[in-house]
1. Answer with yes or no whether Val46 is at pLDDT below 95, surrounded by 13 or more Cβ atoms within 10 Å (Cβ to Cβ) and among the β-branched types (Val, Ile, Thr).
2. Out of curiosity, is Thr184 polar (S, T, N, Q), over 16 Å from the mean Cα position of the chain (by Cα) and closer than 17 Å to Gly112 by Cβ?
3. Within the stretch 80-95, take every residue that is aliphatic (A, V, I, L, M), farther than 24 Å from Asp204 by Cβ and touching a residue at least 40 places away in the same chain (Cβ under 8 Å) and give me the one that is least open to solvent (accessible area, probe 1.4 Å).
4. Name every residue in the stretch 123-144 that is more than 16 Å from the chain's Cα centre (by Cα) and within 18 Å of Glu59 (Cβ to Cβ), in order of residue number.
5. Looking at the stretch 122-129, can you tell me whether even one residue there is open to solvent by 80 Å² or more (accessible area, probe 1.4 Å), of a type outside the set (Val, Ile, Thr), outside any helix (DSSP H, G or I) and touching a residue at least 24 places away in the same chain (Cβ under 8 Å)?
6. Only one of these is closer than 23 Å to Ser18 by Cα and either assigned to a loop (DSSP other than H, G, I, E, B) or free of Cβ contacts under 8 Å to residues at least 40 places away in the same chain (or both): Val104, Val170. Name it.
7. Could you go through the stretch 173-180 and let me know if any residue there is open to solvent by 80 Å² or more (accessible area, probe 1.4 Å) and farther than 23 Å from Glu27 by Cα.
8. Could you please let me know if Glu133 is in a helix (DSSP H, G or I) and either within 30 Å of Asp2 (Cβ to Cβ) or open to solvent by less than 20 Å² (accessible area, probe 1.4 Å) (or both)?
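The values are calculated or read from the model by the stated rules, or taken from the named source; none is laboratory data. This is a predicted model, so every value here is computed, not measured. Cβ sites come from the backbone with ideal geometry, for glycine too, and all protein chains shown count toward neighbours. These accessible areas exclude ligands, DNA and RNA; they are computed on the full protein's heavy atoms, side chains included. Shrake-Rupley method; radii C 1.70, N 1.55, O 1.52, S 1.80 Å.
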Amino acid sequence: MDIELVSGLDVPFDNGLSALCWDTDPELFAFLFMNDKDLWSRLFKVEWHAEFGIYTANEIMLALADNRVVGMLSCFPGSTMAPRFDAVFTRFAAALDETTWSRVERGFEQMGWLFPPVPDDAFFVYALEVVPEARGKHVGRMLLQHAEIGARQNGLKRIHLDTAANRPAVGFYRKLGYEPLVETRLCRLRDGETVPNHFRMVKDI
């Protein structure tokens, strides 16, 4: 499989990209967006066309095979985490009615307890996903190598990432030198929902 890494700016927007994002952590996305994939797709489209945030086309790296998206990476310096989320929340609040935004906002408040802070001196892989048929073909490895290049370009020597502790990706990250730093969980969720335990994994580069 020949893989090409391209900026999100080089790929027309497609709702399949929002589904790929959802698959990075499906239980968490279901919790945050009330298991409403259409809601997330609407918000993702807003984010994709924004200039600064988490899932903006100008900062997403995509892996293509035969002109089809088979992988996605969102990564950035940890020092930019707070302003990125501020920008995202401003857009979400503007795009949603008050009741829906209130529920989404409460979910993100709880997510803040699930994930440890990212140090300013670390590079953060916020999201990495590879479609099932492309796994085992070094797509994820190529995307993480791109993240390591980004870290070095920013003068950073550590990479942090989060992943559900029950995902097969944990073994993949271990093979590439990432080690769990802490395991976290949410105990009190609305409506009896569940979110799996998560690992913060770290690699020195």
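1. Taking the combined requirement at face value, the residue does not satisfy it.
2. Considered against the rule, which asks whether it is polar (S, T, N, Q), over 16 Å from the mean Cα position of the chain (by Cα) and closer than 17 Å to Gly112 by Cβ, Thr184 comes out as yes.
3. Val88
4. Selection gives Met142 alone.
5. The answer is no, given that none of the residues of the stretch 122-129 is open to solvent by 80 Å² or more (accessible area, probe 1.4 Å), of a type outside the set (Val, Ile, Thr), outside any helix (DSSP H, G or I) and touching a residue at least 24 places away in the same chain (Cβ under 8 Å).
6. Going through Val104, Val170 in turn, just one is closer than 23 Å to Ser18 by Cα and either assigned to a loop (DSSP other than H, G, I, E, B) or free of Cβ contacts under 8 Å to residues at least 40 places away in the same chain (or both): Val170.
7. Looking through the stretch 173-180, at least one residue is open to solvent by 80 Å² or more (accessible area, probe 1.4 Å) and farther than 23 Å from Glu27 by Cα.
8. Yes: the conditions hold for Glu133.
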